[in-house]
Amino acid sequence: MGCMMKRHFQIVLMGLGSLFLLAACSTPTAQSAANEIIRPEGQEVIVWHPYDGAAREALLQQIDEFNAVNPWRIVVVPEYHGAAEDLGRDLAAAAQAGAMPELAIRAPAEVWSLGAAVVPMQTYVDDARFGLTEDDLADLFPAMLDIARDPKLKTIIGLPLGGEGVVLVSNSDRLAAHNYFEPPSSWPLFREVCQAITRDTTNDGQPDVFGFGFNPRADFATAWLNSRGGSIISDDGTRASFNAAEGVNTLRTLQETASSGCFYRTTDEDMIREFARGKVGLIFAQTTQLPEIFDAVEARGGFRWSVAPVPYGRRDRTLTISGPAWFMLRSTPQRQLAAWLFVRWFSETPQTVRWSQLTGLLPLRQSAAQGLAAEFSLNAGLKVAFDLLTVARAQPDVPQWDSIAELLIHAVNAAVDGNDPERLLNEAAQAADALLNQ
C-alpha cells in the first residue's frame, strides 16, 4: 500500500511538472498572441488642430508624408476646429458625446479638464516594441518632455511638437551709442542699461525714448523668476513657490528699475512695433517672434539688434520654454497605437528638423542641430535659444495655470506701480495654493 501510494505520488508530481513545463513554455506564446491582437494596420487617426495659414500648411505637409511612407497603412486625417478656444469647446462637447478624435493639439494646461478622456502617453513611451529607445530619450531635451509632464506623477501626458523660449532682444546700435557693446547679462546691468538709454530727445522734460518695453506676460514673468534661481510652482505641483526670496528680489528689481522712468508699457499688439521704430531699446520675446522682429526692423530701415538669454548674473544661464503638444484621446487600442506611431514618427529627427524650419519652433532633439545649420546662420537668435535647451526649464503644467498666471501678472503690475513686492507675492501665493489644492 505504501509503495503504491508512493508511486502514485511520483506520477502526480511528474504530471504536474509536465503541466508546469507546458505552462512555462506556452506563456510567451500566449503573450505574443495577446500582443498580436493590437495591430495598427489600416487604422484611421483623426487629428483636431487649431492651425491656419502657414502653420496649417506645415502640419498638412508632415501628415501627407506620414500617410505616404508609414508601413502600417495608417491614414491620419487632420480637421481644423478654429482657434484654441473654439477647439477647446469642441473637445469638451465631443468628450460629453463620446465621439472624440484620436489626437488633438493643445497647450498642456488646457487638456486637464478632459480628465479620463486623455490617455497618458507614458505607457506608449515605455512600450518595449513601439516605445522610445534609450537613444531616443537621451536625444530628446528633458525640458521638452517636461512641457506636458504631470508634476505629481512625473509621467508624460503628451508629447510636444516643439517649443518656444523667452529671450532678451536688444537694439545693439542704441546700446553701443552709450558704450554698452553686449546685451545686459545681469539684472543690475539691465537696470543700468535701461536707465542709460532712456532719453528726452525733444527737450520737453519728459522721456520719449525708453530703455525697456514692459509687457508683463506670465511667460515673461516665469522666465524672469527662473533666471534668478526661483520657480513658480513646487516640483510636485502642490504649492506656489514664486513668493520665495528669488521672486521677491525679481519684483524689487523691476520696481526699482521702473521708478527711474525707463519703462514704457507695451502690449502684445504693439511691443514689436515699438521696438522696431526705436521707441524702446530692450524687450523680451518668444523665439517664434524673432522672424516678425526681423521683418519689422527691416521695414523701418534696419538697425543692428541681438538676442541673448534672460539676464542671469552669476547664476547659470537658462531658458524658459513652453509649447503645444500632442494629446491622445481614448478610443480603441488599435487606433490609440496608430495615433502613437504617428506621434513617435513626428518626433523623430528629420521631422522635428522640418517642423522647426516650417514653424520656427525649437526642435525636440539635440540631433536636430546639423539639420538646422542653415537656419542658425540666418537666425542667430534661434541658435542662442537652441544652445540653451540643455539647461532649459518648462513652464508649469498644472490645470490651474491660467488662473495662477493672472495672479502673477497682477503682482508684477502692482509691484511696478510701487506696492510692496513681498506682500503682493505672499497674497498671490496664498490664492494660488487654494487653487492647487481644490
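The values are calculated or read from the model by the stated rules, or taken from the named source; none is laboratory data. Everything numeric here is computed off the predicted structure, so don't read it as measured data. So basically every Cβ, Gly included, is an ideal-geometry build from the backbone, and we count neighbours across all protein chains shown.
Looking across L341, L358, one residue alone is in a helix (DSSP H, G or I) and either surrounded by fewer than 16 Cβ atoms within 10 Å (Cβ to Cβ) or under 18 Å from the mean Cα position of the chain (by Cα) (or both). It is L358.
Checking each residue in the stretch 293-328 for being touching a helix residue (DSSP H, G or I) at 6+ places or on another chain (Cβ under 6 Å) and over 30 Å from Q122 (Cβ atoms) picks out I293, A296, V297, R300, F303, R304, W305, S306, V307, V310, P311, Y312. Screening the candidates G82, G88 for the property of being of a type outside the set (D, E), at positive phi and modelled with pLDDT of 95 or more yields one hit, G82. Only a single criterion out of (1) out of contact with any strand residue (DSSP E or B) (no Cβ under 6 Å at 6 or more places or on another chain); (2) more than 14 Å from W345 (Cβ to Cβ) is not satisfied by P101, namely (1). The sole residue among A223, A218, A196 that is among the aliphatic types (A, V, I, L, M) and over 30 Å from G323 (Cα atoms) is A196.
Once the stretch 143-155 is narrowed to residues that are closer than 22 Å to T318 by Cβ and free of Cβ contacts under 8 Å to residues at least 60 places away in the same chain, the residue that is farthest from the chain's Cα centre (by Cα) is K154. Could you please let me know if R335 is crowded, with 20+ Cβ neighbours inside 10 Å, among the basic types (K, R), farther than 29 Å from C262 by Cα and outside the structural domain of G237 (by TED's automatic domain parsing)? Spelling it out, R335 is indeed crowded, with 20+ Cβ neighbours inside 10 Å, among the basic types (K, R), farther than 29 Å from C262 by Cα and outside the structural domain of G237 (by TED's automatic domain parsing).
Restricting attention to the stretch 240-272, and to residues there that are of a type outside the set (S, T, Y), touching a Gly at 6+ places or on another chain (Cβ under 6 Å) and farther than 20 Å from I404 by Cα, which single residue is surrounded by the most Cβ atoms within 10 Å (Cβ to Cβ)? The extreme case among them is C262. P311 meets all of the listed conditions (1) in a helix (DSSP H, G or I); (2) buried (at least 17 other Cβ atoms within 10 Å of the Cβ) but one, namely (1). Taken together, the criteria exclude I156 from residues that are in the same structural domain as W340 (by TED's automatic domain parsing), at pLDDT 95 or above and under 26 Å from G82 (Cα atoms). When A68 is tested against (1) buried (at least 17 other Cβ atoms within 10 Å of the Cβ); (2) without any contact (Cβ under 8 Å) to a residue 12 or more places away in the chain, exactly one condition is not met: (1). Of the residues making up the stretch 354-399, those that are touching a residue at least 60 places away in the same chain (Cβ under 8 Å), touching a helix residue (DSSP H, G or I) at 6+ places or on another chain (Cβ under 7 Å) and of a type in the set (S, T, N, Q) are S356, T359, Q366, S367, N379, Q395.
For R314, the criteria (1) modelled with pLDDT of 95 or more; (2) farther than 30 Å from A99 by Cβ hold in every case but one, which is (1). Looking at the structure I just gave you, is A138 out of contact with any helix residue (DSSP H, G or I) (no Cβ under 8 Å at 6 or more places or on another chain) and without any contact (Cβ under 8 Å) to a residue 24 or more places away in the chain? Yes.
Filter the stretch 418-438 down to the residues that are over 15 Å from N249 (Cα atoms) and either touching a residue at least 40 places away in the same chain (Cβ under 8 Å) or assigned to a helix (DSSP H, G or I) (or both) and list them by number. Within the stretch 418-438, E427, A428, A429, Q430, A431, A432, D433, A434, L435, L436, N437 meet the criteria.
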